[in-house]
Amino acid sequence: MDETNPASIVPTRAPDVPIRITSIRTVVVNAEMRNWLFVKVTTDQDGLYGWGEASLNWKTRAVVGAIEDLEQLLIGRDPRDIEQAVRVMNKQSYYRLGIIGATAVSGIEHALWDIFGKSVGLPVWRLLGGQVRDKVRVYTHLGLGDMRSVYETFDKGALRDKALKVVEMGYDALKVVFIPYSHFTAGIPGRRHVAALMETLRDAVGDETEIMIDFHGRPASISAALQFVDELSPFRPMFCEEPVQPGDTEAMRLVTARAGCPIATGERLVGFKEFEPLFVAKACNIVQPDLNHTGGILEGKRIAAAAEQAFMGVAPHNPNGPLAGVAALHFDVSTPNFVIQEEMSGAVPWYDEVVQTPLRRTGSHWAVPTMPGFGVEINEEAASRHPFKPEVVHTTSAMLDDGTVVDW
């Protein structure tokens, strides 16, 4: 039997044999700049368990508590009834779950897919409709796992150096966050600095490298957002992300209609219902569901299908940990309107000591995985050497000179 070839793997148990969830627990790993929150679902079948991820920056302890609360709803249920499990967690929780609850649901749902795939000897992407591409294009950030590089690079020299390091690692696409902390207007000095940063970046990496700019929703008005978009558009970004705060579909539509480049949004939206207005209004060009936060892979597939009908691509958000990356990989392999995947593999030196994954990057692409389930494993002993720590808070700098607090 060739364990790397799913076609040669004979399932050890028939799909109709009952399997029951016996426990759901969490493993928190501090990855220096953020915490990874892994979810392990065990069953009554020897050796059959699944791993998922429910990382949410600055909300780790809250999500751990939400998972503990949701566990009682799933004990004794068949983990392969994924649709039913998700309905139970959402509908029998009574109160709307919000981002913390949705992240907990997502991590549990990931683990159920891992179990399902293992139970039938197939990679998860086979269960999601099968393969629609031979490789998955990815991009990363400045500094990879160093959040200070991501959020605090406003100097042209540092920007050039860090971007070149990313390109030297084989990536042909990268994302930057250098929109200044803004309010309702965009001053001329700030706009000129953004244009100078973008020009420096384009000159450094050339036309062969795609550049994405994350606005982080910092502009507080449509006009301010468009002023920054106008500065960036001549340098041909792949897209500008979240130019205004999420939740106002009309504002997003107006920015998209007037922008000189593609506009993306969606990382902070929870579930299909929050994405649906974007589709109806044609309010963006690319949607960015975070499979770690929006309710799981099933919900992500619904969002992607509706996006395709609205002539929109899908570029899943994922600055999270390795298991979130693997879940996204299986989603990407099976989703026709997929565009590009955010990733942060190798974010810490001991990455491979803690997590075994099928993430194999050549240049700016991941290979299609072949192992059953997600093909992941956690070394829990190694994980225990990196216990929870409070995360580095970057938001304290989100303030104007006069003390006005603005969007980070």
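The values are calculated or read from the model by the stated rules, or taken from the named source; none is laboratory data. Bear in mind the structure is a predicted one, so any value in this text is a computation, not a measurement. Every residue, glycine among them, receives a Cβ derived from its backbone with ideal geometry; neighbour counts consider all protein chains shown.
Check the stretch 334-344 and report whether any residue there is more than 25 Å from LYS40 (Cα to Cα), acidic (Asp, Glu) and at pLDDT 95 or above. Looking through the stretch 334-344, none of the residues is more than 25 Å from LYS40 (Cα to Cα), acidic (Asp, Glu) and at pLDDT 95 or above.
Scan the strands (runs of 3 or more DSSP E) fully inside the stretch 34-151 and keep the ones with 2 or more residues being in contact with a Ser or Thr (Cβ under 7 Å, 6 or more places away or on another chain) and among the hydrophobic types (A, V, I, L, M, F, W, C). It comes to 35-43. Just one residue in the set ALA224, ALA251 is buried (at least 20 other Cβ atoms within 10 Å of the Cβ), in contact (Cβ under 8 Å) with a residue 12 or more places away in the chain and either assigned by TED's automatic domain parsing to the domain that holds VAL339 or not in a helix (DSSP H, G or I) (or both); that residue is ALA224. Of all the numbered requirements in (1) closer than 26 Å to ASN30 by Cβ; (2) in contact (Cβ under 8 Å) with a residue 12 or more places away in the chain, VAL406 misses one, and that requirement is (1). Here ASN320 meets the list (1) modelled with pLDDT of 95 or more; (2) surrounded by 22 or more Cβ atoms within 10 Å (Cβ to Cβ) almost entirely, failing just condition (1). Within the set ALA186, ALA204, ALA173, the sole residue that is closer than 15 Å to ALA225 by Cβ, in the same structural domain as THR153 (by TED's automatic domain parsing) and among the small types (Gly, Ala, Ser) turns out to be ALA186. Across the stretch 279-293, the qualifying residues are those that are among the aliphatic types (A, V, I, L, M) and in contact with a helix residue (DSSP H, G or I) (Cβ under 6 Å, 6 or more places away or on another chain), and the one among them that is surrounded by the fewest Cβ atoms within 10 Å (Cβ to Cβ) is ALA281.
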